[in-house]
Each structure stands twice: as structure tokens, then as C-alpha cells.
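The values are calculated or read from the model by the stated rules, or taken from the named source; none is laboratory data. It should be emphasised that the depicted structure is a prediction, and the values quoted were computed from it without experimental measurement. Surface areas here come from the heavy atoms of the whole protein model, side chains and all, with no ligands, DNA or RNA. Shrake-Rupley method; radii C 1.70, N 1.55, O 1.52, S 1.80 Å.
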Amino acid sequence: PVSGVTLTAQPPTGQVAEGDWLVLLCSVATGTGPLSFSWHRQGSPVPLATGPRYELRPAKQRDSGHYHCTATNGDSAANSSSLGVTVL
């Protein structure tokens with residue numbers, strides 16, 4: 001099973017000025033088989049994007065909110081904890 005899904009941000013605070021870049025990265029501590037990733041905002045079931053990396057460039061104020069990633073290997077899925085993003 002997939003476990004230990006972690007979301008990190010660059011910059012680490014998740015806070016950027018409007019027009020700057022924000023990069024979110026999703027990683028997995030354990031999991032076998034080919035992994036796929038999806039990105040979600042504010043608990044929406046509809047993915048924003050797929051892949052282990054999600055970029056807000058340029059970041060806009062409407063991008064502020066809570067994000068999480070989901071990792072799956074086809075048999076099991078796990079979510080990261082939520083990360084608050086603030087665009088000033």
C-alpha cells in the first residue's frame with residue numbers, strides 16, 4: 001500500500017507575492033508499483049493537475065487556499081496533509 005504521502009512547498013511557508021512562482025511537491029515514503037499523483041484544492045474531488053509537481057506561475061490571489069496531493073498505485077491511495085497557500 002501507499003503511505004507516508006508528504007506535500008512540501010517552495011518557498012516552504014507556502015506564502016508568495018502575487019506574480020511570483022509557487023511550487024508544490026508530492027512525495028511518498030512507501031509504495032510499490034507505478035505511482036500516480038493528483039492535486040486538489042479546498043477538498044474538491046476534481047483534480048487540478050496530475051504528477052508529483054504542481055506549479056502556480058504566476059501565482060494569483062485566487063490561488064490562495066488549502067491544497068493536498070493524493071498518491072495512488074492502482075491498488076491503494078493515500079492523501080498528504082493539507083497545506084495552506086497564501087498569495088499576497
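If contacts are Cα pairs under 8 angstrom and at least 6 residues apart, what is the relative contact order of segment 3-80 in percent?
Numbers: 158 pairs, mean separation 28.4, N = 78.
About 36 percent, as a whole number.
Heavy-atom accessible area per residue, the chain, 1.4 Å probe: how many Å²? It would help to have the intermediate numbers written out before the result.
Working: 4920 Å² over 88 residues.
That works out to 56 Å² for each residue.
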Pop out the ³J(HN,Hα) list for segment 26-36 in order, Karplus 6.51 cos²θ - 1.76 cosθ + 1.60 with θ = phi - 60°, rounded to Hz; leave Gly and Pro as x.
10, 9, 10, 6, 9, x, 10, x, x, 9, 10
Using modelled backbone amide H atoms (1.01 Å from N, in-plane), which distant-in-sequence or interchain residues come within less than 5 Å of S64's amide H?
V87
Please report the Cα spread of the chain along all three principal axes, rounded to whole Å, starting with the longest.
39, 23, 17
Hey, any idea what % of the chain's accessible area is carbon plus sulfur with a 1.4 Å probe?
53
